[in-house]
Amino acid sequence: MQFDFLIIGGGVVGMAVAYGLLRRGQKVIMLDEGDDVLRASRGNAGLTWVQGKGVGMPRYAELSLQSSDAWPFFASELSERSGVPLEYSRQGGIDICFDVQEAEARVANYRKLQASSPYLARYFQWEYLDRRALLTYLPGLGESIHGGTWSPHDGHCNPLLLLRALLTASLKMGLSYHPGCSVQHLEPNRAGFTASTLGGNCSAERIIVAAGLGAKHPLPHAGSERRCIPIARADPRNGKNASDIATSYTTDKANR
Ligand SMILES: Cc1cc2nc3c(=O)[nH]c(=O)nc-3n(C[C@H](O)[C@H](O)[C@H](O)COP(=O)(O)OP(=O)(O)OC[C@H]3O[C@@H](n4cnc5c(N)ncnc54)[C@H](O)[C@@H]3O)c2cc1C
């Protein structure tokens with residue numbers, strides 16, 4: 001069978017990209033190390049958080065806010081397609097401060113962020129709550145807490161259910177999923193790329209490397225003799241979307 005995309009890595013990024021491609025009618029094959037490998041997607045807190053994101057990088061803060069706004073629809077659509085509840089909730093979040101210095105720095109950072117982006121100035125809602133105000137939300141607050149920032153945008157889901165839902169929905173849409181297939185080597189060829197695993201080879205015209213920290217292993221072979229590294233400055237304002245960012249690698253040493 002011919003595939004439009006080969007995705008290496010079935011963590012939350014690879015699964016989310018697969019889900020998006022399959023929704024658009026693309027044929028996708030995924031090679032993943034497997035469900036029992038301890039990677040970030042299986043050990044994170046599941047926060048769909050806006051606070052604290054993008055300080056010093058307003059576009060990241062804007063994207064975090066837009067993502068958080070997109071989550072309610074995404075969660076309900078994904079649950080419906082997969083039959084898996086995500087335990088998603090968006091009741092706002094509190095980020096505590098231990099002392100006055102931390103509180104002042106937090107407030108200054110958020111004001112600066114809003115001053116640097118009309119979008120954030122308009123839509124990023126937050127407020128500083130002193131210890132007394134915070135106690136109404138968190139009655140068991142420890143003595144050492146000075147206060148904290150509250151934002152209505154913050155939420156959370158169950159990260160393991162999210163992963164299961166993405167896989168279940170993607171399988172229903174035709175994902176060819178191969179766990180236990182660690183890509184050892186990635187080679188460019190005339191038709192695209194060939195990924196080698198201990199169980200055999202797999203080729204596709206386009207690949208998306210979403211192997212998290214594991215990307216260091218298969219990637220260096222894909223770009224001739226030079227090492228490949230992620231482009232930290234991949235920027236959606238330049239027309240890049242999530243899948244572009246996942247595949248944006250450079251072999252240009254000058255860009256390291
Ligand atoms: C402790 C902790 C808490 C976090 N809390 C949050 C949070 O609350 N909210 C949030 O949004 N983010 C959180 N994060 C960050 C988030 O977990 C990561 O950004 C995200 O999981 C990265 O997903 P990924 O798919 O890129 O990588 P990974 O989760 O690393 O997945 C990569 C996948 O690729 C596979 N793979 C690797 N190498 C190969 C290979 N050679 N061949 C085939 N497959 C391969 C792996 O088996 C794995 O399945 C947290 C991270 C940590 C560590």
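The values are calculated or read from the model by the stated rules, or taken from the named source; none is laboratory data. Here the structure is a predicted model, which means the values were calculated and not measured. Neighbour counts run over all protein chains shown; Cβ positions are idealised from the backbone, glycine included.
If the condition is being of a type in the set (S, T, N, Q) and in contact with a His (Cβ under 7 Å, 6 or more places away or on another chain), then the range 161-220 contributes only S196.
Filtered by the rule that a residue be touching a helix residue (DSSP H, G or I) at 6+ places or on another chain (Cβ under 6 Å) and under 25 Å from V17 (Cβ atoms), the range 120-162 gives a lone residue, H153.
Screening R59 on (1) within 18 Å of M173 (Cβ to Cβ); (2) in contact with a Lys or Arg (Cβ under 8 Å, 6 or more places away or on another chain) shows it passes everything except condition (1). Restricting attention to the range 87-125, and to residues there that are hydrophobic (A, V, I, L, M, F, W, C) and under 20 Å from A45 (Cβ atoms), which single residue is surrounded by the most Cβ atoms within 10 Å (Cβ to Cβ)? It comes out as C97. Screening the candidates V84, V13, V50, V17 for the property of being β-branched (V, I, T), at pLDDT 95 or above, surrounded by 17 or more Cβ atoms within 10 Å (Cβ to Cβ) and closer than 30 Å to G142 by Cα yields one hit, V50.
Looking at G9 and the list (1) within 13 Å of L163 (Cβ to Cβ); (2) without any contact (Cβ under 8 Å) to a residue 40 or more places away in the chain, which single condition is not satisfied? All conditions are met except number (2). The number of residues in the range 19-49 that are under 13 Å from the mean Cα position of the chain (by Cα) and hydrophobic (A, V, I, L, M, F, W, C) comes to 4.
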